[in-house]
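The values are calculated or read from the model by the stated rules, or taken from the named source; none is laboratory data. Fair warning: this is a prediction, and the values are worked out from it, not measured in the lab. All Cβ positions, glycine included, derive from the backbone under ideal geometry; neighbour counts span all protein chains shown. Just so you know, the surface numbers come from the protein's heavy atoms only, side chains and all, with ligands and any DNA or RNA stripped out. Shrake-Rupley method; radii C 1.70, N 1.55, O 1.52, S 1.80 Å.
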Amino acid sequence: MTKNFFSRTVGGRFAGLGASLLEQIKGGVRNVSQAVQQSPPRMEPNTYSDIGAMQAASLHGNGEDKVTLSITTKSGVEVKLSLDSQDDGLAVRMSTSGELSETEAGALGGLAQAFQEAIDGMAQGQPKISLNGLMQFDQNVLASVNLHAEVKVRTEPQSTQTLDFQADSAQRKVSFKGVAGSLDVKVDASKLNALGSQEQQAKAMSSYMKQIGQAASRGHGDPALMAMFKDAFGALHSNAAPQDPHGLPVAGKWRLAAEDKAILTGMADFSASVSQTPKSINSMRLTETDGFNYELSQQTTLAGASQDERSIRQQQQSKLSASFHMPLIPGVPLRLTEAVESQNYTYHQIEDTASSDAQLAYKEGKLVKASLQQAASQSTHVMTYVMGKLESDTTTPTQHSVQRDLLTLLWPYKTGTTDQTVEGRDERHKQDLLTLNDEIMLQSYPGQWISPWQGDAMLAAQEAKNGAAGA
C-alpha cells in the first residue's frame with residue numbers, strides 16, 4: 001500500500017491490492033482494516049496521531065475512487081471487501097460475518113485474481129469490463145457475487161464512471177455509466193431446462209455477437225463502448241448450467257424434447273442495451289446529433305398444465321437507432337464549423353428492427369403446432385450538404401420476412417423418406433434439427449443466408465448508393 005500510494009494513476013493505486021486482500025482468506029485471515037494517509041502540512045506529530053487516525057478511518061467507503069466486493073456463501077456467511085483512494089489517502093478493508101469452512105475459504109480465495117482483473121479493467125484510462133473471472137465462481141459453494149466500482153475521470157469537466165455487477169442463481173446483471181455512454185445487461189438464469197448444451201450456447205453466442213458487430217458497424221457505434229458491451233454480454237452468459245444431461249426435469253419443470261430444443265437458442269433469456277452519449281459536432285446545425293442506441297433481448301415462455309399439454313415460445317428482438325456525420329469526400333476529415341466552406345458532408349439516420357418468434361404446442365402428448373416467424377426492416381435516411389446547402393434528402397427502406405410451418409420438419413419420421421433403417425431415419429432427423437437450430441437465430445435478413453462479411457458489404461453498398469444518389 002505504501003508503494004502504491006505514490007502512484008499518480010488509479011490503476012497504480014489499486015495494483016494488486018484486491019487480489020492480495022482476497023487471497024488472505026485462504027491463509028485464515030478474516031478481518032482486515034488498513035489505511036495510508038498523507039500527513040497534513042505543518043501539523044504537530046502528536047496532533048496528527050489523533051486527527052490523522054480519524055481521517056484514515058473515515059476514508060473507508062468514502063474515497064473518490066472506490067471498489068467494493070460482497071460475496072455470500074451458500075451457508076449465509078457474507079464477506080465484504082473495499083478499496084478506497086483519494087489524493088491524500090489509500091485504504092482497504094475486509095470483514096466476514098461468520099465462520100468459513102475450508103471449502104468456502106478456498107472458493108473465495110480462488111476469485112482473488114478475478115477480482116483484481118475487474119479492478120484493473122475499471123482503473124484503466126479507457127475502462128474495460130473484465131468480469132469473466134468473477135462469473136466462474138463456484139455456484140455449489142457461493143450464493144452470490146456483487147461488485148461496485150466508481151472511478152473519477154480527472155478531465156474537464158470531471159465526471160465519474162461506475163460499474164455494478166450482480167450474479168446469483170436466479171439472475172446476472174451488469175450496468176456501466178461513463179463518459180462514452182452507458183450499458184445494461186440482465187440475464188435470467190432461472191429457466192435451467194431451457195438451456196442448451198455448451199456447444200449450442202457457444203453457437204448462439206457467436207450469432208448474437210455477429211448481430212452486435214453488424215449493428216456497431218452500420219450505426220458507427222463507439223468502438224470502446226461496444227467492446228465493453230460485448231464483454232459484459234459474453235461474461236454474463238458464461239458458466240450457465242444446462243438441463244440435466246440425462247434429460248430429467250429440472251426444478252419441477254417438464255423435460256424438453258429434442259424437437260423443443262431445436263427451436264430454442266439454448267441461451268438464457270436476457271435484455272441488453274447500450275447507449276452512446278449524444279454529441280453535437282456541427283455548430284451550424286446543433287439538432288444534428290451523433291448518437292447510437294441498440295437494444296437486444298430474448299424471452300422464453302414455458303406454459304401448460306403438464307408435460308403432454310405444454311407450449312413453448314421464444315421471442316428474439318433487436319432495435320437500432322443511430323445517427324452520424326460523414327465527409328462528402330471519403331478520407332477527408334470532418335471539420336464542421338460555422339464557416340460555409342466546412343459544411344460539406346452527409347448526415348445519416350439509421351432505424352433498424354429485427355425479430356424472431358418460434359412457437360410449439362402439444363396436445364395429448366402430440367405436437368399440434370410448430371411455427372417460425374421472422375422479420376426485419378432497415379431504414380437509412382441520408383441528407384447531403386454542399387457548401388451548407390441541402391442538395392439531397394433520401395430515405396431507403398428495406399424489409400425482409402419469412403413465415404414457416406415447422407410441423408412436417410419436426411415430425412420424427414417423414415413419409416417418402418429414402419432411409420430404410422431406423423438408425424438412418426434417426427440420423428436424418430437429428431441433422432434436420434441441427435439445421436433448423438441454425439435458422440431460428442435472430443437475423444437481419446430473414447429468409448436469406450448471408451454471411452457477416454456479406455451483410456457488411458450489403459450495408460456498405462447501400463450507403464455508397466445513397467451517397468451517389470445524393471451527389
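At-a-glance table
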quantity: Members of segment 354-378 that are buried (at least 16 other Cβ atoms within 10 Å of the Cβ) and without any contact (Cβ under 8 Å) to a residue 40 or more places away in the chain; calculated: Ser371
quantity: Options Ser182, Ser130: the member that is at pLDDT 95 or above, under 29 Å from Gly266 (Cα atoms) and part of a loop (DSSP other than H, G, I, E, B); calculated: Ser130
quantity: Lys152 vs. criteria out of contact with any Cys (no Cβ under 7 Å at 6 or more places or on another chain), surrounded by 16 or more Cβ atoms within 10 Å (Cβ to Cβ), of a type in the set (Lys, Arg) and not assigned by the TED database to the domain that holds Ile25; calculated: no
quantity: Residue satisfying condition, being of a type in the set (Gly, Ala, Ser), surrounded by fewer than 16 Cβ atoms within 10 Å (Cβ to Cβ) and in the same structural domain as Ile212 (by the TED database), within set Ser280, Ser275, Ser321; calculated: Ser280
quantity: Subset of segment 333-353 (residues that are among the acidic types (Asp, Glu) and either over 16 Å from Val382 (Cβ atoms) or surrounded by 20 or more Cβ atoms within 10 Å (Cβ to Cβ) (or both)); calculated: Glu338, Glu341, Asp352
quantity: Any chance Gly121 is touching a Ser or Thr at 6+ places or on another chain (Cβ under 6 Å) and not assigned by the TED database to the domain that holds Ala241; calculated: yes
quantity: Residues located in segment 167-179, provided they are surrounded by fewer than 21 Cβ atoms within 10 Å (Cβ to Cβ) and over 23 Å from Ala112 (Cα atoms); calculated: Ala170, Lys177, Val179
quantity: Residue match in segment 321-336 (condition: part of a strand (DSSP E or B) and among the hydroxyl-bearing types (Ser, Thr, Tyr)); calculated: yes
quantity: Among the candidates Ser144, Ser58, Ser97, residue that is among the small types (Gly, Ala, Ser) and either open to solvent by less than 40 Å² (accessible area, probe 1.4 Å) or within 23 Å of Phe233 (Cα to Cα) (or both); calculated: Ser144
quantity: Search result, residues across segment 382-436 that are touching a Phe, Trp or Tyr at 6+ places or on another chain (Cβ under 7 Å), open to solvent by 80 Å² or more (accessible area, probe 1.4 Å) and at pLDDT below 80; calculated: none
quantity: Condition check for Arg13: at pLDDT below 90 and either surrounded by 14 or more Cβ atoms within 10 Å (Cβ to Cβ) or in the same structural domain as Gly63 (by the TED database) (or both); calculated: no
quantity: Some residue of segment 213-220 being in a helix (DSSP H, G or I) and within 13 Å of the chain's Cα centre (by Cα); calculated: yes
quantity: Flag if Asp164 is surrounded by fewer than 16 Cβ atoms within 10 Å (Cβ to Cβ), touching a residue at least 12 places away in the same chain (Cβ under 8 Å) and assigned to a strand (DSSP E or B); calculated: yes
